[in-house]
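Participant: Next up is a structure, given as structure tokens.
The values are calculated or read from the model by the stated rules, or taken from the named source; none is laboratory data. Quick caveat, the model's predicted, so the values are computed rather than measured. Note that each Cβ is placed from the backbone with ideal geometry, even for glycine, and that neighbours are counted across all protein chains shown.
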Amino acid sequence: MDIRQLRYFVTVVAEGSLTKAAAALHMTQPPLSTSIAQLEQELGVPLLVRGARGTRPTEAGSYLAAVGERLIHELDDIQHDIRSLALGLTGKVTIAAVPTITWELLPEVLLRFLGVAPAVDVTVTDPPPATAIEMVLRNEADLGIIATVSIDQLRETYRSQLHFLRVRTMPLMLAISPSEAPPDEPVSLTDLHGKTWILPGRSLRIRGLPEVFDSFWFGRGLPVPAVRRVSTLQTAIPLVAAGLGVALVPNSLRNMRHAPVVLRPLADPLPPLEAAAFWSADRPPAATVGTLIGVLEELASHE
């Protein structure tokens, strides 16, 4: 007994007639009758009672029709799921995105991605940049998104291990507590030299805000101000709000509802951060990851 015979038999029972079943199956009646006869011979029991008014199942036929219908539905579901997996429309994907990416870019990415593939199970983690890279390298995450000032440097450092995509530029702004906020106009960093600055820690392989910050002061022949280090910029926000320092943040923070800090534009030209998406170069991405990469490429094309 194969699935084709089972489909034929279930259709005959549902239609109550070999003639009607043949029409529904888009075939002629003789081969359908032959297939049913072979199925009865193989099972060794009659499955249909044929009469002038059509056919009806025997007790064994009723049982086979009920079980067969369930099996056919399950098989159809399996075929659908496999096709969806192959197209990247179902499955699982793990994203390692630094907190600054979750303020604006990641929600936009996920809205677009889940609009295309709503059945995909998405897991998001928010590690520091170096950890995000290690997670992708160790196959603990399928794709990472970090902020850097030099995606070209990352391409050179990980050229044989990771593929990189520049998704978006993120200009920098000043974050300051509401009680200390200057007027709503561009602010010069030199006017805030005496402040404590809250910055994420350095990474040997990723150039980010610490390098931008140091270059600014070195370029003006000034000593680097006092710095308080945090693991990520997400940690800096409540400290800035409490008046414990000021920070440079991407302008995407403007999209965070009820942010407890005030943002001001900068009068000094600083290089923007770049949102860099990356995935393994050692193994082809799963179909779900390929679909996600496609969404990121589309966003990057409109940057």
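Participant: Go through the residues of region 252-269 one by one and say whether even a single one is among the small types (Gly, Ala, Ser) and either in the same structural domain as Ile146 (by TED's automatic domain parsing) or buried (at least 17 other Cβ atoms within 10 Å of the Cβ) (or both). Write out each step before concluding.
Facilitator: Quick first cut of region 252-269, residues among the small types (Gly, Ala, Ser) only: 252, 259, 267.
If we keep only those that are either in the same structural domain as Ile146 (by TED's automatic domain parsing) or buried (at least 17 other Cβ atoms within 10 Å of the Cβ) (or both) as well, we get 252.
The answer is yes; a qualifying residue exists.
Participant: Another question, if that's okay. Taking the criterion of being crowded, with 17+ Cβ neighbours inside 10 Å and β-branched (Val, Ile, Thr), would at least one residue in region 177-193 satisfy it?
Facilitator: Yes, region 177-193 contains a residue that is crowded, with 17+ Cβ neighbours inside 10 Å and β-branched (Val, Ile, Thr).
Participant: Given the conditions (1) of a type in the set (Gly, Ala, Ser); (2) in contact with a Phe, Trp or Tyr (Cβ under 9 Å, 6 or more places away or on another chain); (3) touching a residue at least 40 places away in the same chain (Cβ under 8 Å), which single one is not true for Ala175?
Facilitator: (2)
Participant: When region 241-264 is examined, which residues are found to be more than 31 Å from the chain's Cα centre (by Cα) and in a helix (DSSP H, G or I)?
Facilitator: Selection gives Ala241 alone.
Participant: Please go through region 218-234 and pick out each residue that is surrounded by 16 or more Cβ atoms within 10 Å (Cβ to Cβ) and assigned to a helix (DSSP H, G or I).
Facilitator: Step one: list which residues in region 218-234 are surrounded by 16 or more Cβ atoms within 10 Å (Cβ to Cβ), which gives 225, 230, 232-234.
Within region 218-234, Leu233, Gln234 meet the criteria.
Participant: Also, quick follow-up: Return the total of residues in region 141-160 being surrounded by 17 or more Cβ atoms within 10 Å (Cβ to Cβ) and charged (D, E, K, R).
Facilitator: Within region 141-160, residues that are surrounded by 17 or more Cβ atoms within 10 Å (Cβ to Cβ) and charged (D, E, K, R) number 1.
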